[in-house]
Amino acid sequence: MNEFEPVIIAFCCNWCTYAAADIAGTSRIQYPHNVSIVRVMCSGMVDPIYVLRAFEGGADGVIIAGCSYVDCHYINGPVKCDAMFERLKGIVHTLGLEDERLRREMISTSESIVFAHVVEEMVGQLKKVGPSPFRKVREDITV
Amino acid sequence: MTLDDIIKETNTFYCLECGKCSSICPISRYNPAYSPRVMVEHALLGLEDDLVYNRELFSCLTCYACQLKCPSDVNYPLFIQKMRAIASNNGEHGECAHSGTLQSLTRLVTNPAVKQRRLEWLSDEFRTSDRSDVLFFVGCAPYFEHIFDFETKSIDIVKASLKILNYFGIEPVLLPNERCCGHDMLWTGDVETFRRLAEHNAALISESGVKKIIFSCPECYQTFKENYPNYVKIDCELQHISEFLSEAIEKDELSFKETKRKVTYHDPCRLGRHMGIYEPPRKVLEAIPGIELVEMKHSKEESLCCGTSAFTNCDLYSKQIRVERLLEAKDTGAETLITSCPKCQIHFRCAMVNKGEEKGPDVEIEVMDMVNLVANALEEKN
């Protein structure tokens, strides 16, 4: 039997984390292939529905990553994201999903190694936790 | 179901075009683009596409105000419910409020593998049991706490209800993996999701072996009582907590402390017009010594709506309806607006938090659920 390969959806801010992921690619930094990146203009625009739809579609984990408080292009995006993330954590927890499935990161443009490390760590954690209960409907899809 | 079947089932054919529905409709008063009479007329002319792809199809609050006024007994809310099922099959879902988070959650819990953690708020002060004749249906309150960015107090309603049940020595069963009742799904046309939720709940309830289910949410109560029998079988007595309390008051089983407060009561549409329960909550409020109950200009059958149903098409008009209702409550001189629906409370609180000139004047009034008032006024038993 093949080893379980988790599917991770990462919502990355255009200005920092997306660029970091880009640089990770051009600098040939190795990281697991399990992550699919969705570029958003700011981490502050991520709505709980984005994450719930990701789980509905069969994702095993979701990362929301953006600039740190001082780097934000739009002054207070990360603050908005933090407030949203607090509520989202409550929803996901009540739904019965493990806390490891949701992660909030602040990764600056120059920190492509951090990005690779976060993905690696999360893939490791998700392999331990196992597939998401909502994945059952989408078993036909492979990474 | 085709348009013809719907017309037959809901008596739409008997429409006299008198326009009473449009004159009483809370949405029509603010939104000139929406009129129940025009909707019915379109159906009778066979203009199915004009109905299905009309944004206003999802504006209806299904508040039953038109139904009670109609001289030909056209079941307009049912007509809307069935039309939305057709619209939903055609990919029209209305504009879901809160980006559709609530709808998405409801779809997620249809999964049989899901193991929710919905009872984490439960503390030692409440007594529950695994085997009992009475089940308390918690509803969506554990989710509401996290979805909204203002205080909803939904979980407090559940806690107060448990406190009341414990007061009578009832230790109810709470289902740790109970699903959403599916009310919003049925009324926005997603019948398949509704059916699945109903099956899950029916299985869990028959497994628990209870004889009676008590609800604090009128929407769950109405759905279980009126819509579940069409899909599943539930052999239990169903009761809203206000009925339970008014029965207890008749038997004189309750003693209250003096609570000085002037209140007014808002009838939720599901409990009032849908189920016809107007008197029990009023009886409960009047039984508390010190409570002065004043009626608003529109009450009972005439009661105004809280402005949104099923978290769909919540717009400027919904806000205006809410502000109108809040102003009416304020006009009575009452300190507190009492309701018995957690969703009415959410909508009113939202209207007070989100201010803006176009939404009408700012208004502040304390909003509270009936069970909270009762739980606070209960005298400790020795």
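Readers should treat all values here as calculations from the given coordinates under stated rules, not as data from a laboratory. These numbers come from a predicted model, not from an experiment. Every residue, glycine among them, receives a Cβ derived from its backbone with ideal geometry; neighbour counts consider all protein chains shown.
With q set to 0.08, 0.12 Å⁻¹, the log10 of I(q)/I(0) for the protein assembly as shown, from the Debye formula over equal scatterers at the Cα positions, is -0.58, -1.20.
Considering the stretch B:57-204, its Cα convex hull presents a mean projected area of 11.4 nm². Our summary of shape: the Cα atoms of the stretch B:139-220 have principal axis extents of 40, 37, 19 Å, ordered from largest down, in whole angstrom.
Ranking B:PRO176, B:TYR231, B:ALA97 by Cα position along the charge dipole of the protein assembly as shown, where only Lys, Arg, Asp and Glu carry charges on their C-beta atoms, puts B:PRO176 farthest toward the positive end. With kT/(6 pi eta Rh) evaluated at 10 °C and eta = 1.306 mPa s, and Rh the Kirkwood radius from Cα pairs, the stretch B:1-128 diffuses with a coefficient of 95 µm²/s according to Stokes-Einstein.
Here the label points at B:ARG55 and A:ARG87, each 7 Å from Cα along the C-beta direction, are separated by 2.3 nm in the simple model. Taking other C-beta atoms within 10 angstrom as a stand-in for reagent exposure, B:GLU364, B:GLU292 fall in the order B:GLU364, B:GLU292, fewest first. Where Lys and Arg each count +1 and Asp and Glu each count -1, what net charge lies around B:CYS15 among other residues with Cβ under 11 Å from its Cβ? Once all neighbours under 11 Å are counted, the net charge is -1.
In percent, rounded to a whole number, the relative contact order of the stretch B:1-158 is 21, using alpha-carbon pairs under 8 Å and six or more apart. Within the stretch B:98-168, the trypsin sites (Lys or Arg not before Pro) that combine a DSSP coil assignment with at most 15 other C-beta atoms in a 10 angstrom radius are B:LYS115, B:ARG117, B:ARG127, B:ARG131.
Ranked by how many other Cβ atoms sit within 10 Å of their own Cβ, fewest first, the residues B:PHE137, B:PHE194, B:PHE144 fall in the order B:PHE144, B:PHE137, B:PHE194. For chain A, the Kirkwood hydrodynamic radius from C-alpha pairs, put into Stokes-Einstein at 20 °C and a viscosity of 1.002 mPa s, yields a diffusion coefficient of 141 µm² per second. Remark: the stretch A:96-101, residue by residue, has Karplus-estimated 3J(HN,Hα) of x, 8, 5, 5, 5, 6 Hz, where x stands for each Gly or Pro and the curve is 6.51 cos²θ - 1.76 cosθ + 1.60 at θ = phi - 60°. Over the Cα atoms of chain B, the radius of gyration divided by the Kirkwood radius equals 0.96; this is the Rg/Rh ratio.
Just going by the charge dipole of the stretch A:19-132, with Lys and Arg at +1 and Asp and Glu at -1 on Cβ, which of A:SER132, A:LEU88, A:SER110 is farthest out on the positive end? Towards the positive end, the residue furthest out is A:SER132. Comparing B:PRO142, B:PRO32, B:PRO229 in a Gaussian network model of chain B, where Cα atoms under 10 Å apart are tied by springs, the biggest mean-square fluctuation is seen for B:PRO32. Positive contributions from Lys and Arg (+1) and negative ones from Asp and Glu (-1), summed over other residues with Cβ under 15 Å from the Cβ of A:ALA116, come out at -3. A cut-off under 11 angstrom between Cβ atoms defines the neighbours of B:PRO268, and their net charge, with Lys, Arg +1 and Asp, Glu -1, is 0. Split chain A at each of the GluC sites (Glu not before Pro) in a DSSP loop with at most 13 other beta carbon atoms within 10 Å, and the longest piece is A:4-138. Dipole size of chain B about its Cα centre, with +1 on Lys/Arg Cβ and -1 on Asp/Glu Cβ: approximately 220 debye, rounded to the nearest 20.
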